[in-house]
Amino acid sequence: VDQLVERDLVRTPADIFRLDAATLAGLDRMAEKSAANLVESIEKSKHTTLARLIFALGIRHVGETNAKRLARHFGSFEALRKIARAATDPASEARAELNAIEGVGDVVAEAVADFFAEKHNEDQLDALLSEVTPEPMEEVQTSSPVAGKTIVFTGSLEKMTRDEAKAQAERLGAKVSGSVSKKTDLVVAGPGAGSKLTDAKMHGVKVLTEDDWFVLIGK
């Protein structure tokens, strides 16, 4: 990364997506195979989820959870951008719409509006979106067996990765938490589950195996 910056090969985020194997292979300690692997990874990352793109922008107070909230509410990046541009006036309908998103509120709404009000940020976004295609947010189900429930995944999942499990649960309308409390509805425990499984038993939370989870959601 230092070499890419020092050699003026990457000046903006969009420049990362314009790198080629020949250029990368010319860096110190970067063999042709490593360069090819990096280019392949960069190509794959050109297609990302809307929530990940929003999170990656580094907007103040917009972490992974708020990025998902914004992605779910607006569905597309252009829809978010349109409202955010119009939300600079605290009294505007656009600001009110941002404020009304569950879990967002005044502080986050102001930070989002401020980010899109910066011309430099808008210019960088135009360049980035010419290289990266965010996928529209999938519609969240509201009638699934786990809609509205708080789920915790723990242990080693064997049929899906932890990220895949989390994404699946969120598409079904569930909230995925990283810790177990009395407010947790379900714990899905795989082999090697430790303290979270202990906490589930302590709080009387229902525990499912990975197979139980798939039966519950009808997969």
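The values are calculated or read from the model by the stated rules, or taken from the named source; none is laboratory data. Because the structure is a prediction, the values reported are computed rather than measured. Backbone-built Cβ (ideal geometry, glycine too); neighbour counts: all protein chains shown. Accessible surface areas use protein heavy atoms only, side chains included; no ligands, DNA or RNA. Shrake-Rupley method; radii C 1.70, N 1.55, O 1.52, S 1.80 Å.
Summing +1 for each Lys or Arg and -1 for each Asp or Glu, what net charge is found among the other residues whose Cβ lies under 14 Å from the Cβ of THR49?
Values: positive: LYS44, LYS46, ARG52, LYS68, ARG69, ARG72, LYS166, ARG171; negative: GLU64, GLU135, GLU138, GLU139, ASP163, GLU164, GLU170.
Once positives and negatives cancel, what remains is +1.
Give me, ordered by chain and number, the residues 5 or more places off LEU208 or on other chains with an amide H under 5 Å from its own placed amide H.
VAL187, VAL188, ALA189
Once every DSSP H run of n ≥ 4 in the chain is given -39500 (n - 2.57) and the sum is divided by its residues, what mean residue ellipticity at 222 nm do you get, rounded to the nearest 500 deg cm²/dmol?
Values: 13 runs with 115 residues, N = 219.
-14500 deg cm²/dmol, from helical runs alone.
Mean projection of the alpha-carbon convex hull of the stretch 18-133 over all orientations, in nm²? Kindly include the intermediate steps, with their values, before the conclusion.
Numbers: hull surface 31.9 nm².
For the stretch 18-133, averaging the hull's shadow over all directions gives 8.0 nm².
If you build a Gaussian network model of the chain, linking Cα atoms that sit under 10 Å apart, which residue out of ALA96, ALA25, ALA79 swings the most?
ALA25
Within straight cross-link reach of LYS119, meaning Cα distance under 17 Å, which aspartates and glutamates are found once same-chain residues fewer than 8 apart are removed?
GLU78, ASP89, GLU110
Identify which of the listed values of Rg and Dmax of the Cα atoms in Å was calculated from the structure shown: [x] 20.9, 59; [y] 23.9, 85; [z] 36.5, 130.
Working out Rg and Dmax of the Cα atoms in Å from the coordinates points to [x].
Among rounded, prolate and oblate, which fits the stretch 4-82 when a ≥ b ≥ c are the square roots of the eigenvalues of its C-alpha gyration tensor, a/c under 1.5 means rounded, and a/b larger than b/c means prolate? Walk me through the numbers on the way to the answer.
Numbers: a/c = 3.01, a/b = 2.40, b/c = 1.26.
Prolate, since a/c reaches 1.5 and a/b exceeds b/c.
Counting only C-alpha contacts under 8 Å and six or more residues apart, can you give the relative contact order of the chain as a whole percent? The partial results should precede the final answer.
Working: 292 pairs, mean separation 33.5, N = 219.
Computed value for the chain: 15 percent relative contact order.
Which of the peptides 88-94, 202-208 is most tightly packed, and how do the rest follow, judged by the mean count of other Cβ atoms within 10 Å per residue? Mind dumping the intermediate values first?
On the way: 88-94: 11.9, 202-208: 13.6.
Put in order of decreasing packing, that is 202-208, 88-94.
So, in Å, what gap is there between the alpha-carbon centers of the stretch 155-173 and the stretch 50-128?
If you average the Cα positions of each part, the centres end up 27 Å apart.
Roll a 1.4 Å probe over the protein chains and send me the accessible area per residue for the chain in Å². Walk me through the numbers before you get to the answer.
On the way: 12730 Å² over 219 residues.
Using a 1.4 Å probe on heavy atoms only, each residue of the chain averages 58 Å².
Dividing the convex hull volume of the alpha carbon atoms of the stretch 51-113 by its residue count, what do you get in Å³ per residue? It would help to have the intermediate numbers written out before the result.
Numbers: hull volume 4.2 nm³, N = 63.
Hull volume over Cα atoms, normalised by residue count, gives 66 Å³.
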